[in-house]
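Taking it in order: structure first as structure tokens, then the write-up.
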Amino acid sequence: MKHLAYTLGLIILPVFILFSQDQEKLPDDFHPEPRGADGLRVMFYNVENLFDTKDDTLKQDQEFLPDGPRNWNEFRFWQKVNKLSSVIISVGGWEPPAVVGLCEVENRNALNALFYGSGLKKYGYNIIHFESPDVRGIDVALAYMPKKLTILHKRAIPVYLGKAFSRPTRDILYVKGLTLSNDTLHFFVNHWSSRWGGEEATRPKRKKAAKTLKSVTDSLRNRPSNQNIVIMGDFNDGPEDFSIHNTLNAKDSAENTFLVNLMTPYLKANRGTHFYKEETGAEWNILDQIIVSRPLLDRNGPFTKSKAHIFDSDFLLTDDDGNKKPLRSFIGYRYNGGYSDHLPVYLDIFLQ
């Protein structure tokens, strides 16, 4: 059986849109070349409220209706779809990502528009999606190329918050797949509870999600084989916050833990995936993360010498009082016409 080697990064490459020289500036570690049959590129992206324009009477989606406060309409929806598809294609470089994890997607209609109604259609993605109990209707999802990954199992894992919280949260999406080299990969797509209402008050919600995820990954850890795990998501906590660092026990590669957080090198850098500004100042947060199991690192290959890279190409960013921040779709209720308030992350898996 071939072994797996890994490299991680966060990239965006403008492919079919014309930009100025400044906008085309890419990080030094950007690698756009195709992976071919021996490689998988896995990405995650919080797409910032990809809602369709139809009223779902079972969900609180009134904000994103034509007569709602955001004046969401078909033109803005398809503009959003085309912008997101350009990001996904760009993250792939010369070959689109084989696996795409998403969050903040309303439903299957929105996913169908993105993968079958845009420039992504020709790549032949399949979609895995379950409706979650989130009251606003936002879900997580995973799209994949069947020529690169065979799906063995898929399910939604509920996160029960308990009676203290009246609003349910998103499920965790679990997908088990088989690569062309007959190696098994376990994917977990997450979107943990936000900090709306205060970080301390909402902390128990994210701790519940971490406990739920850890229970499943611990069961995989106890197996003699097939322990190759890729966890991705918007955790609404950073690598050093209690839910990630302590409850999930995902830490830096130098520490002896089963789960390794590949975003920890950015803790000392002024870079991240989400930009937060308040009266006391502004800073980048690392809310979007990729975490892998130790067996993926304990292999001979270039991945063991690599670190995570956040790609901050200017076409996804805008200026704000001397700072760079993501060019988002909305600023409050004002339409901004951008991509998302988050930056995507990706992981390359090479078969050898």
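The values are calculated or read from the model by the stated rules, or taken from the named source; none is laboratory data. Small disclaimer: the values here were computed from a predicted structure and weren't measured. Virtual Cβ from ideal backbone geometry, glycine too; neighbours counted across all protein chains shown.
What to note about this one:
- The set of residues from segment 42-74 being part of a loop (DSSP other than H, G, I, E, B) and among the β-branched types (V, I, T) comprises T53, T57.
- Single condition L111 does not satisfy, out of (1) surrounded by fewer than 18 Cβ atoms within 10 Å (Cβ to Cβ); (2) modelled with pLDDT of 95 or more; (3) under 27 Å from L65 (Cβ atoms): (1)
- Residue match in segment 120-132 (condition: in a loop (DSSP other than H, G, I, E, B), out of contact with any His (no Cβ under 7 Å at 6 or more places or on another chain), modelled with pLDDT of 95 or more and of a type in the set (K, R)): no
- Considering segment 236-251, and only residues there that are hydrophobic (A, V, I, L, M, F, W, C) and touching a strand residue (DSSP E or B) at 6+ places or on another chain (Cβ under 6 Å), the residue that is surrounded by the most Cβ atoms within 10 Å (Cβ to Cβ) turns out to be A250.
- Restricted to segment 197-221, and to residues there that are more than 15 Å from F235 (Cβ to Cβ) and of a type outside the set (D, E, K, R), the residue that is surrounded by the most Cβ atoms within 10 Å (Cβ to Cβ) is L220.
- D61 falls short on exactly one of the conditions (1) at pLDDT below 90; (2) closer than 20 Å to C103 by Cβ; (3) not basic (K, R), and that condition is (1).
- Scanning segment 254-268 turns up no residue that is surrounded by 13 or more Cβ atoms within 10 Å (Cβ to Cβ) and free of Cβ contacts under 8 Å to residues at least 24 places away in the same chain.
- Among the residues of segment 118-168, those that are touching a residue at least 40 places away in the same chain (Cβ under 8 Å) and basic (K, R) comprise R136, K148.
- Qualifying residue in segment 178-192 (condition: within 21 Å of the chain's Cα centre (by Cα) and part of a loop (DSSP other than H, G, I, E, B)): yes
- Taken together, the criteria place G39 among residues that are farther than 14 Å from Y339 by Cβ and touching a residue at least 12 places away in the same chain (Cβ under 8 Å).
- Scanning segment 83-99 turns up at least one residue that is β-branched (V, I, T), over 28 Å from G332 (Cβ atoms), within 18 Å of the chain's Cα centre (by Cα) and at pLDDT 95 or above.
- Restricting A201, A210, A254 to those that are of a type in the set (A, V, I, L, M), modelled with pLDDT under 95, within 22 Å of L296 (Cα to Cα) and out of contact with any Gly (no Cβ under 8 Å at 6 or more places or on another chain) reduces the list to A254.
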